[in-house]
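Here's the structure, in structure tokens; my notes come after.
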Amino acid sequence: MRSAVAAADDGATHERAAAFEADGLACRRGGRLLIEAADWRLGPGDALLLKGANGSGKSSLLRLLAGFLWPAAGSLRHGGLDVFADLPHWRSLLHLIGYQEGLKPSLTVAENLAIVTALLGGSVARCGAGLDRFGLEALADTPARFLSSGQRRRVALARLVAVPRPIWLLDEPATGLDAKNRSRLEELIDAHRQGGGIAVVASHGDVALRSPHVLDLGD
Amino acid sequence: MWQPLFALARRDLRLAARSPAETFMGVVFFLVALSLFPLGVGASPDILTRIGAGVIWVLALLAVLLTLDRLFQADLDDGSLDLLHLAPAPLELVVLAKCAVHWLTSGLLLVLASPLLALLMTLPPEAYWALPLALLLGTPTLTLIGAIGSALLVGSRRGSVLTALIVLPLYIPVLVFGMSAVDGVLLGLGGRTAFLILGAMLLAAASLAPFAIAAALRLAAE
């Protein structure tokens, strides 16, 4: 009930994505062609699930989508424009939650979230909603070095609520989360998509997505 | 555009305040190493006066170098380096903000400590303003040049030794003109030209180094 209300509250601030397309996208790392010719066409509200064995290139693909790697071939377009042509603009549209949470051990949970929010250009006033969403209010004044891995992950995910951005790139977002928080995450992704956002999720199957497009990277 | 930069600067200042041992490491090294010189070369005032300014400059160089290896490494280790790329501000300005805070927590402390060191090395009274002024102009350049090396080697093991090897030769101009500025004042020759050159090097470093640092960090993100 509570999360349904929260979802309605968040709905107003979700940002709509435009069509996000990949055409023959290839990714090479260390001389090895990890991904050859990936194609997709995602519209607002769509999700892409990246499946594949360890080392199949899920994280590399997400880093490529965030503009940290250059594609070996192919193109990536958002709203019809090549994302690599205006990388700063593209980066201002996306969230990347990687395997590291980006928390400073000596800062408290609230400080960490407030700083990341300001750094990403969000409004610090929304931090409370982020903490609330993942049940972190009680931990707000705890230094991040005392957190468990699941709690660290929740602080990183709270960023998604605090800073509304239309494209979410999530690398194994449910790692370390308990069942309750995993369903909070699933609800959050759902609300994001209903608001017109796009989510690209690399997962071993611990995140349930509503009718996602699937890209299987094999092994 | 400014909000992310201020947020980052505030974060780094707060981190420096929370780990004073790391923050003051550079300046404490500076003080301890300098206090060895009177013991090592003998406390004869004329020797100390003659080598004083040079020793202080060399140690300032090493003290800045000592604090450089954590500049980007800590952010890489915990993943917050990626967030810097996602901030809606040019990476060049983001790294400039980081360098500014690094200088506030390293170079500025050396500037503030330098009159005391001038006293320790029995330098003449003119050194009490000439030395801090030369360090004030020179240490930000040291931070900016050092940050290039630090960014190039972020993520590599043994990075700090390699950073020293890359960066120290680039520090030579600052050392030469920093020395001649202070010596010029102490010998009554007037160090005006050397001070101006130190200022020019600072302006050049502040305008060019951020591009090199940002390019190095983009490579590191791959």
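The values are calculated or read from the model by the stated rules, or taken from the named source; none is laboratory data. No experiment lies behind these values; they were computed from the predicted model shown. Reconstructed Cβ throughout: ideal geometry from the backbone, glycine too, with neighbour counts over all protein chains shown. Protein only, heavy atoms only, side chains kept; ligands, DNA and RNA dropped before computing areas. Shrake-Rupley method; radii C 1.70, N 1.55, O 1.52, S 1.80 Å.
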Task: Long-range neighbours under 8 Å by Cβ, at least six apart or interchain, first residue open to solvent by 30 Å² or more (accessible area, probe 1.4 Å) within segment A:6-25, second modelled with pLDDT under 50 and in a strand (DSSP E or B) - done: none
Open item on the list: I'd like the full set of residues that are of a type in the set (Ser, Thr, Tyr) and either assigned to a strand (DSSP E or B) or in contact with a helix residue (DSSP H, G or I) (Cβ under 7 Å, 6 or more places away or on another chain) (or both), limited to segment A:56-98.
Closed with: A:Ser75
Open item on the list: Can you confirm whether A:Asp82 is more than 30 Å from A:Asp219 (Cα to Cα), without any contact (Cβ under 8 Å) to a residue 12 or more places away in the chain, open to solvent by 10 Å² or more (accessible area, probe 1.4 Å) and acidic (Asp, Glu)?
Closed with: no
Task: Filtered residue count, segment B:116-129, keeping only those that are touching a Leu at 6+ places or on another chain (Cβ under 7 Å), open to solvent by 30 Å² or more (accessible area, probe 1.4 Å) and either farther than 17 Å from B:Phe29 by Cβ or of a type in the set (Phe, Trp, Tyr) (or both) - done: 3
Open item on the list: Let me confirm something: among B:Ser160, B:Ser180, B:Ser156, B:Ser150, which residue is surrounded by fewer than 19 Cβ atoms within 10 Å (Cβ to Cβ) and either under 15 Å from the mean Cα position of the chain (by Cα) or assigned to a helix (DSSP H, G or I) (or both)?
Closed with: B:Ser160
Open item on the list: Among the residues of segment B:69-82, are any in a helix (DSSP H, G or I), more than 12 Å from chain A (Cβ to nearest Cβ) and either under 14 Å from the mean Cα position of the chain (by Cα) or among the hydroxyl-bearing types (Ser, Thr, Tyr) (or both)?
Closed with: yes
Open item on the list: With open to solvent by less than 20 Å² (accessible area, probe 1.4 Å), away from every other protein chain (no Cβ under 14 Å), free of Cβ contacts under 8 Å to residues at least 60 places away in the same chain and among the aliphatic types (A, V, I, L, M) as the only criterion, which of A:Leu107, A:Leu33, A:Leu76 stands out?
Closed with: A:Leu76
Open item on the list: Restricting to segment B:46-64, name every residue that is touching a Ser or Thr at 6+ places or on another chain (Cβ under 8 Å) and either surrounded by fewer than 22 Cβ atoms within 10 Å (Cβ to Cβ) or within 16 Å of A:Leu103 (Cβ to Cβ) (or both).
Closed with: B:Leu48, B:Thr49
Task: Odd one out for B:Ala43, checked against (1) within 14 Å of chain A (Cβ to nearest Cβ); (2) open to solvent by 50 Å² or more (accessible area, probe 1.4 Å) - done: (1)
Task: Test result for B:Leu81, in contact with an Asp or Glu (Cβ under 6 Å, 6 or more places away or on another chain), surrounded by fewer than 23 Cβ atoms within 10 Å (Cβ to Cβ) and touching a residue at least 40 places away in the same chain (Cβ under 8 Å) - done: yes
Task: Matching residues in segment B:6-26 - criterion: being open to solvent by less than 60 Å² (accessible area, probe 1.4 Å) and either closer than 15 Å to B:Leu120 by Cα or facing chain A (nearest Cβ under 9 Å) (or both) - done: B:Ala7, B:Leu8, B:Arg11, B:Leu15, B:Ser19
- [ ] Kindly indicate the residue of segment B:175-203 that is touching a Ser or Thr at 6+ places or on another chain (Cβ under 7 Å) and at pLDDT below 95 and also farthest from B:Leu61 (Cα to Cα) among those meeting that condition.
- [x] B:Gly191
TODO: Report, ordered by the first and then the second residue, all pairs with beta carbons closer than 7 Å, sequence separation of six or more or different chains, a first member in segment A:136-156 that is farther than 23 Å from B:Ser19 by Cα and of a type outside the set (A, V, I, L, M, F, W, C), and a second member that is open to solvent by 60 Å² or more (accessible area, probe 1.4 Å) and modelled with pLDDT under 95.
DONE: A:Gly150/A:Asp178; A:Arg153/A:Thr175
Open item on the list: So, A:His89, is that one surrounded by fewer than 17 Cβ atoms within 10 Å (Cβ to Cβ) and within 14 Å of chain B (Cβ to nearest Cβ) or not?
Closed with: yes
